[in-house]
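Beneath this line is the structure, given in structure tokens, with notes to follow.
Values quoted throughout were computed directly from the atomic coordinates according to the rules given, and no laboratory measurement underlies them. Nothing here was measured: the structure is a model prediction, and the numbers come from that model. Because the Cβ atoms are built from the backbone with ideal geometry, glycine has one as well, and the counts that use them run over all protein chains shown.
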Amino acid sequence: MAEPDVVAWTDGGCRGNPGPGGWAFRLVNVRSRAQLERCGGEGQTTNNRMEIQAAVEALKALKRDGLAVLVHSDSQYLIKAASEWLPGWKARGWRRKEGELKNVDLLQELDRQLARHRVRWQWVKGHAGDPGNERVDALANQAMDRVQRREDPAWEGRSDS
């Protein structure tokens, strides 16, 4: 993929597994530098579920189809699911070779969103100083805090530069 149209960072997490969870994304339009950040969460969820949700929400937020998107994530599970494992799961009727596949609803939505764009995945080490990863980690934790306080975890921020 040549230069991306959009650069994204996604993160999801959980306090306990399962437990209260949060997800977040940051999108940056490469040409205009406009940015969109969102986060949300659930009261009883898993870490993998929140990682997938973050990526789904980021891709759903893109208004036009056919964009070149570079997604940064600290989740090896998400990256391998999206770039290696989805075709096999889909071919087996959304099952693993070993049997049941968890989070099928989100994986199917991820598959639909991936079909809309040209997506390249980039693993980043979590908590290692990558500014985009640190930001989405903070937003996901903010969402978890709100879930634990029984507040609405949804938040959105935009900037034009």
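Data for the structure
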| quantity | calculated |
| --- | --- |
| Label-point separation, Ala61 to Trp94 (7 Å along Cα→Cβ), nm | 2.5 |
| Loop trypsin sites (Lys or Arg not before Pro), region 29-134 (other Cβ atoms within 10 Å of the site Cβ: 13 or fewer; DSSP) | Arg31, Arg33, Lys63, Arg64, Arg92, Lys97, Lys102, Lys125 |
| Cα gyration tensor, the chain - rounded (a/c under 1.5), prolate or oblate | oblate |
| Positive-end residue of Tyr77, Asn47, Ala58, charge dipole of region 12-110 with Cβ unit charges | Ala58 |
| Expected 222 nm ellipticity per residue - DSSP helices of 4 or more, -39500 (n - 2.57), all of the chain, to 500 | -10500 deg cm²/dmol |
| Relative contact order [Cα under 8 Å, 6+ residues apart], region 6-159, whole percent | 35 |
| Top positive-direction residue, dipole computed over region 46-153 with Cβ charges, set Asn141, Gln122, Leu67 | Leu67 |
| Rotationally averaged projected area of region 73-161 (alpha carbon convex hull; nm²) | 8.2 |
| Cα-centred dipole magnitude for region 6-159, charges only on beta-carbon of K, R (+1) and D, E (-1), debye, nearest 20 | 500 |
| Sequence-distant lysines (8 or more away, or on other chains) whose Cα lies within less than 18 Å of Lys97 | Lys80 |
